[in-house]
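Starting off with a structure, shown below.
Here, each number is a calculation from the coordinates, and none is a lab measurement. What you see is a predicted model; the values in this text were computed from it and never measured. Methodologically, a virtual Cβ is constructed for each residue, glycine included, from the backbone with ideal geometry; neighbour enumeration extends over all protein chains shown.
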Amino acid sequence: MATARVVLVAQDGTGDYRSVQDAIDSVPLGNTCRTVIRISPGIYRQPVYVPKRKNFITFAGISPEITVLTWNNTASKIEHHQGSGQAVAIRVTADRCAFYNCRFLGWQDTLYLHHGKQYLKDCYIEGSVDFIFGNSTALLEHCHIHCKSQGFITAQSRKTSQEATGYVFLRCVITGNGQSGYMYLGRPWGPFGRVVLAYTYMDACIRNVGWHNWGNAENERSACFYEYRCFGPGSCSSGRVTWSRELMDEEAGHFLHHSFVDPNQDRPWLCLRMGVKTPYSA
């Protein structure tokens, strides 16, 4: 592969482009050269869209606190401050996307892992209702999940038992707003919704029952909600619903490695890094 192409986005005009979208637009369809889009600190107020045929892209920001991509649409298309409304912060409908040290901020439906395979490491995700949702295959490692108000952390939407999709939370931390027993770990958006939490700390915000059937008892026969060696005041395994369970050692192995999302590690990933020095940094 050719040497990486590096472009700089800066709102003050000192870079190659003033907006992130302009930098994306400069990448050709069917791209075969790694393109690193470095983003200078600032608040970039515009929707950002990466077409599925624009491959080999890395977004590299300075810090997630001072390099912000934001917009103010909601599900009802009302153009005003989001408040506690339903609004997706990011939708990922792509295979092999990785996020490092990123912050995803919202209330309902924050992180839409819609399709494909994703890897998230050292990320911060906050919300209230179904704020990590969709039918992708995703591994979240060393991530901080923050529950702002009562609701459900996950709504994974696997439709059949033959699908290999699901979410794995590996060595994550789940925190709340100081209250106790108001948050479910998840509910099945699809009847075979699959979520695994392993070696994860849960504070007292998690309800003892852990999981919800979305008001449909039939989901209890098909949903796959598992925990493995979690800890903290919210990890009360004895109080969990009877249709979720603790994995055995021999069962957990499949979910504890990068191979869950990356069986072919020689293929490239689209990458978003905030606050991490990359090999392409000056």
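Given the Cα-Cα distance of K52 and E220 and 0.36 nm per residue of separation, how much length would full extension add, in nm?
Length gained between K52 and E220: 56.9 nm.
Projected onto the charge dipole of the chain (+1 at Lys/Arg Cβ, -1 at Asp/Glu Cβ, origin at the Cα centre), which of T165, S149, A217 gives the Cα projection farthest towards the positive end?
Ranked along the dipole, the leading option is T165.
Sort E250, E65 by Cβ crowding within 10 Å, fewest neighbours at the top.
E250, E65
Based on the Cβ-Cβ distance from Q86 to R45, what FRET efficiency comes out when R0 is 35 Å, to the nearest 0.05?
That pair, Q86 with R45, gives E of 0.95.
For the pair S63 and H254, how long in nm is the line joining their label points, each one 7 Å along Cα→Cβ?
Computed distance between label sites S63 and H254 equals 4.3 nm.
While we're looking at this one, here's another question. Can you put I90, I206 in order, fewest other beta carbons within 10 Å first?
Least crowded to most crowded, the residues run I90, I206.
List, largest first, the extents of the alpha carbons of the chain along their principal axes, each in whole Å.
58, 43, 30
Right, something else. What number does segment 1-61 give for Rg over Rh if you use C-alpha atoms and the Kirkwood radius?
0.95
What order do you get for L140, L270, L197, L247 when you list them from fewest to most C-beta neighbours inside 10 Å?
Result, fewest neighbours first: L247, L270, L140, L197.
What dipole magnitude, in Debye to the nearest 20, does the chain give about its Cα centre under +1 on Lys/Arg Cβ and -1 on Asp/Glu Cβ?
In debye, rounded to 20, the chain gives about 460.
Let me ask something else. Under the rule of -39500 (n - 2.57) per DSSP H run of 4 or more residues, summed and divided by the residues of the chain, what mean residue ellipticity at 222 nm is obtained, to the nearest 500 deg cm²/dmol?
The per-residue figure over the chain is -500 deg cm²/dmol.
Does segment 143-282 come out rounded, prolate or oblate by the C-alpha gyration tensor, with a ≥ b ≥ c the root eigenvalues, rounded set by a/c under 1.5 and, if not, prolate when a/b is larger than b/c and oblate if not?
Oblate shape, in that a/c is at least 1.5 and b/c is the bigger or equal ratio.
Highest GNM mean-square fluctuation, the chain, Cα pairs closer than 10 Å: which of N73, N213, N31?
Among N73, N213, N31, the largest mean-square fluctuation in the Gaussian network model of the chain belongs to N31.
Could you tell me the calculated FRET efficiency between R5 and R245, based on Cβ-Cβ distance and R0 = 51 angstrom, to the nearest 0.05?
FRET efficiency, R5 to R245: 0.55.
Follow-up. At 0.36 nm per residue, minus the direct Cα-Cα distance, what do Y199 and D16 gain on full extension? Give it in nm, one decimal, please.
Here the segment from Y199 to D16 would lengthen by 61.5 nm.
Consider just the alpha-carbon atoms of segment 99-217 and return their Rg together with their Dmax, both in angstrom.
My reading of the Cα-based Rg and Dmax gives 13.0, 40 Å.
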